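Inspection log for the structure reproduced underneath, given as structure tokens.
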Amino acid sequence: MRMDMLETVALKALTQQDLAALGIGEIAYLRPVSVQGEEVVAVMGADGRQIGLAPDHDNAVMAALQHELLVVPLH
């Protein structure tokens, strides 16, 4: 079996819990949120948990990078 086929088979075998755990402690994404009527930016972990808040996008990116998290875009 070719290597790319093995990788595909391995990916298909991942459970929902396995997928949720991918990137924890390594990857973050940013999401605008409202806190007490004020718009701020939430730093979200790969598992969807909020791990921090920042007053704006630039500060959120800097906070994530200081904690050695790779910030990835979501669409």
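A few notes on this one:
- Checking each residue in the range 46-75 for being aliphatic (A, V, I, L, M) and either open to solvent by 40 Å² or more (accessible area, probe 1.4 Å) or not in a helix (DSSP H, G or I) (or both) picks out ALA46, ILE51, LEU53, ALA54, MET62, LEU65, LEU69, LEU70, VAL71, VAL72, LEU74.
- Some residue of the range 56-75 being among the small types (Gly, Ala, Ser), at pLDDT 80 or above and under 12 Å from the mean Cα position of the chain (by Cα): yes
- In the range 20-45, the qualifying residues are those that are in a strand (DSSP E or B) and of a type in the set (Val, Ile, Thr), and the one that is nearest to the chain's Cα centre (by Cα) is ILE27.
The values are calculated or read from the model by the stated rules, or taken from the named source; none is laboratory data. Just so it is clear, the structure is predicted and the values come from calculations on it, not from any experiment. When the accessible area is computed, the model is the full protein with side chains, heavy atoms only, and any ligands, DNA or RNA have been set aside. Shrake-Rupley method; radii C 1.70, N 1.55, O 1.52, S 1.80 Å.
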